[in-house]
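Working notes, structure below.
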Amino acid sequence: MRLSVIGCGYLGAVHAACMAALGHEVVGIDVDAEKVAALSRGEAPFYEPGLPEVLTEAMASGRLRFSTDIADAAGSQVHFVCVGTPQKPGEYAADLTYVDASVDALVPHLSAGDLVVGKSTVPVGTAARLAATVSTAVPGAMLAWNPEFLREGFAVKDTLTPDRFVYGVPSGTDGETATGLMDAVYAEALATGTPRIVTDYATAELVKVAANSFLATKISFINAMAEVCEETGADVTQLADALGHDERIGRRFLNAGLGFGGGCLPKDIRAFMARAGELGADQAVGFLREVDAINSRRRTRMIDLAREVNEGTIRGKRIAVLGTTFKPNSDDVRDSPALDVAAGLARQGAHVVVTDPQGIANARRRHPELTYVETVAEAVTGADSVLLLTEWAEYRDLEPDDLAGLVATKTILDGRNALEPVRWRSAGWAYRALGRP
């Protein structure tokens, strides 16, 4: 099939490359000429494991190309809208500027029978509004909503072998036609038994924000328990292990620590709250305000803990921070708890030395006042305390004895509960972690 992908950021670049890998003829469209040039050279503009290989193979096949000209989308049967929906400045609501602009720019190049497929995370009601725009401008053109469920660090896998498909389609014959077109796009995954849910626009839009809200709630729940554990001397990790054996709860995402961040979860739950308020259903999702508040408190608590282990003050202290990204296997520092804590320590007078396997360049653009180094050894040399804030595998596997001769004080704060306390304490380190005695 001939496909266009509008927006070649994180979602769009991965989707375009993977659709070409599946055998489709794909053109990726983006207004950023520098990004398009990099992608056209087969260079991923961000770090995502597996993407460079898929991108290189797709470009070599001749099935994938990139352009800054929206007119190049003409002739495609299916058009995927993959642009960002950031949080509005000073508000919780989602900014739909890029979604609206993409559809408006695409409309003149549509033909009857074409299908526009939204993948961006949008407030409920957006798809119905855009569907009217598309069908009014081009009779016979249709719109569907197909939310993405990508995990950074696993985006290629999640695109090629997803755990489910959700189609939000119009009623009647158009819905059947839209469903058939998307089935053709995703034929390979569907043939292996991937579940497919065909529903209305509103339900499809709600699936993504509901999933993110549930995940955020689970993370904040265990972090709330960590706050209680700190007051009682209990161990939140053992508590989570015990809870995880209950099959109704499960152990995944019950890892207490700095909480969630990134470009999706925080802004998506806030946009959900804003939209629910517009619909008069704000009481139904009022609990998300506390979920968000708990998440923010973890960052403050980490700074407090750093102060505690440094005899009540961090002013003038050299603090090593391991990790800037919001999660491992990514270079994404948007709303990163790790980078937030590092900047907060610096504002309180600490000399903060930061390292990260992939995130240094992005972190430096946001917080140039911090000191950045390439290796763990450079970061911890002379440090009064070491903070592990992103659970990269190489940090989880650190040997206490390897660092002991480099630091000024053998004190480590585990912001992700990723280390084994007994191993570090037996090596002579003072070990502290959120929610653990």
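Taking the condition polar (S, T, N, Q) and in contact with a helix residue (DSSP H, G or I) (Cβ under 6 Å, 6 or more places away or on another chain), does THR355 pass?
Values: polar (S, T, N, Q): yes; in contact with a helix residue (DSSP H, G or I) (Cβ under 6 Å, 6 or more places away or on another chain): yes.
So THR355 passes the test.
Checked against (1) within 21 Å of the chain's Cα centre (by Cα); (2) closer than 24 Å to CYS229 by Cβ; (3) part of a helix (DSSP H, G or I), LEU339 passes all but condition (2).
VAL27 fails exactly one of the following numbered conditions: (1) part of a helix (DSSP H, G or I); (2) more than 22 Å from the chain's Cα centre (by Cα). What is the number of that condition? Only one criterion in (1) part of a helix (DSSP H, G or I); (2) more than 22 Å from the chain's Cα centre (by Cα) is unmet by VAL27, namely (1).
Residues being part of a helix (DSSP H, G or I), farther than 30 Å from GLY180 by Cα and more than 21 Å from the chain's Cα centre (by Cα) are entirely absent from the range 16-24. Scanning the range 68-119 for residues that are part of a helix (DSSP H, G or I) and under 19 Å from the mean Cα position of the chain (by Cα), we see that the one that is nearest to PRO170 (Cα to Cα) is VAL99. Take GLY259 and tell me if it is modelled with pLDDT under 95 and either hydrophobic (A, V, I, L, M, F, W, C) or assigned to a loop (DSSP other than H, G, I, E, B) (or both). No; evaluated as a whole, the condition is false for this residue. Candidates in the range 237-252 are the residues that are of a type in the set (Lys, Arg) and within 16 Å of ARG416 (Cβ to Cβ); of these, the one that is surrounded by the fewest Cβ atoms within 10 Å (Cβ to Cβ) is ARG252.
For the condition in a strand (DSSP E or B) and of a type outside the set (Ser, Thr, Tyr), what is the one hit in LEU406, LEU419, LEU398, LEU413? It would help to see each step written out before you state the result.
On the way: LEU406 fails: in a strand (DSSP E or B); LEU419 fails: in a strand (DSSP E or B); LEU398 fails: in a strand (DSSP E or B).
That would be LEU413, the only listed residue that is in a strand (DSSP E or B) and of a type outside the set (Ser, Thr, Tyr).
Residues in the range 32-64 that are within 24 Å of TYR186 (Cα to Cα), buried (at least 18 other Cβ atoms within 10 Å of the Cβ) and without any contact (Cβ under 8 Å) to a residue 60 or more places away in the chain: LEU39, ALA44, LEU55, ALA58, MET59, ARG63, LEU64.
Among the residues making up the range 30-53, those that are over 21 Å from PRO357 (Cβ atoms) and under 25 Å from the mean Cα position of the chain (by Cα) are ASP30, VAL31, ASP32, ALA33, GLU34, LYS35, VAL36, ALA37, LEU39, SER40, GLY42. Comparison of VAL116, VAL99 shows that the only residue that is on the phi < 0 side of the Ramachandran plot, in the same structural domain as LEU11 (by TED's automatic domain parsing), buried (at least 18 other Cβ atoms within 10 Å of the Cβ) and in contact with a His (Cβ under 6 Å, 6 or more places away or on another chain) is VAL116.
The values are calculated or read from the model by the stated rules, or taken from the named source; none is laboratory data. Here the structure is a predicted model, which means the values were calculated and not measured. Positions of Cβ are backbone-derived with ideal geometry, glycine not excepted, and every protein chain shown enters the neighbour counts.
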